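Input: a single structure, listed below in structure tokens.
Bear in mind these aren't lab numbers, they're just calculated from the coordinates by the rules spelled out. Worth saying up front: this structure is predicted, and the values here are computed from it rather than measured. Here Cβ is always computed from backbone atoms with ideal geometry, including for glycine, and neighbour counts include all displayed protein chains.
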Amino acid sequence: MKSPDRLILTDLTFHACHGVLPEERTRRQEFRVSVEIETDLRRAGRSDELAHAIDYCAVQAVVGEIVEGAHRYLIEALAEDIAARLLARFKAARAVVVEVVKPTPPVTFKFAGVQVRIRRERARR
């Protein structure tokens, strides 16, 4: 059953080297990641104890390790890796939505950036 509860981290900002163009492999650029984790928040809300919640500092650490880690050509690959790692790390997560924004890709036309948004669910047993 899909939970209406969500833990949301918005616009986590990192600088890393990802992209298809040669200069993107050496020039760090900004990436912004937002994460929405579908989970039941009732127990944490009632107990007011971190042990009953998903620690958002731990979420940020997982996202940062991926974004600041190995080079990827596509932001789609970053999003997939982030979603898979979050679902693996946080067993209480039923599904995750990951949005990766590359606000200033080095292209010759003007626009507000590029982003991908994916939703991945935990495999049902």
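Six or more apart or on different chains, Cβ atoms under 7 Å: show the pairs whose first residue is in region 32-50 and within 17 Å of ARG122 (Cα to Cα) and whose second is outside any strand (DSSP E or B) and of a type in the set (Lys, Arg). If the second residue must be outside any strand (DSSP E or B) and of a type in the set (Lys, Arg), the pairs left are GLU38/LYS2; GLU38/ARG94; THR39/ARG94. Across region 73-109, the qualifying residues are those that are hydrophobic (A, V, I, L, M, F, W, C) and assigned to a loop (DSSP other than H, G, I, E, B), and the one among them that is farthest from ASP40 (Cα to Cα) is PHE109. A Cβ distance below 6 Å, combined with a sequence gap of six or more or placement on separate chains, defines the contacts here; from region 111-125, residues that are farther than 17 Å from VAL35 by Cα reach residues that are assigned to a strand (DSSP E or B) and not polar (S, T, N, Q) in the pairs GLY113/VAL101; GLY113/LYS102. Taking first residues from region 80-92 that are free of Cβ contacts under 8 Å to residues at least 40 places away in the same chain and partners that are assigned to a helix (DSSP H, G or I) and buried (at least 17 other Cβ atoms within 10 Å of the Cβ), the Cβ contacts under 6 Å between residues at least 6 apart in sequence or on separate chains come to ASP81/ILE66; ARG85/VAL62; ARG89/VAL62. Between VAL67, VAL101, the distinction of being in contact (Cβ under 8 Å) with a residue 60 or more places away in the chain and hydrophobic (A, V, I, L, M, F, W, C) belongs to VAL101 only. All of (1) closer than 21 Å to ALA16 by Cα; (2) among the acidic types (Asp, Glu); (3) surrounded by 14 or more Cβ atoms within 10 Å (Cβ to Cβ) hold for GLU38 with one exception: (1).
Taking into account only those residues within region 88-100 that are surrounded by fewer than 20 Cβ atoms within 10 Å (Cβ to Cβ), in contact with an Asp or Glu (Cβ under 8 Å, 6 or more places away or on another chain) and of a type in the set (A, V, I, L, M), which is farthest from LEU9 (Cα to Cα)? So, considering only residues that are surrounded by fewer than 20 Cβ atoms within 10 Å (Cβ to Cβ), in contact with an Asp or Glu (Cβ under 8 Å, 6 or more places away or on another chain) and of a type in the set (A, V, I, L, M), the one farthest from LEU9 (Cα to Cα) is ALA92.
Conditions tested, residue by residue: (1) within 18 Å of ALA83 (Cβ to Cβ); (2) in contact with a strand residue (DSSP E or B) (Cβ under 7 Å, 6 or more places away or on another chain); (3) among the hydrophobic types (A, V, I, L, M, F, W, C); (4) not in a helix (DSSP H, G or I).
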position	(1), (2), (3), (4)
PRO4	no, no, no, yes
THR10	yes, yes, no, yes
ARG27	no, no, no, yes
ASP40	no, no, no, yes
GLY45	no, no, no, no
VAL59	yes, yes, yes, no
VAL63	yes, yes, yes, no
HIS71	no, no, no, yes
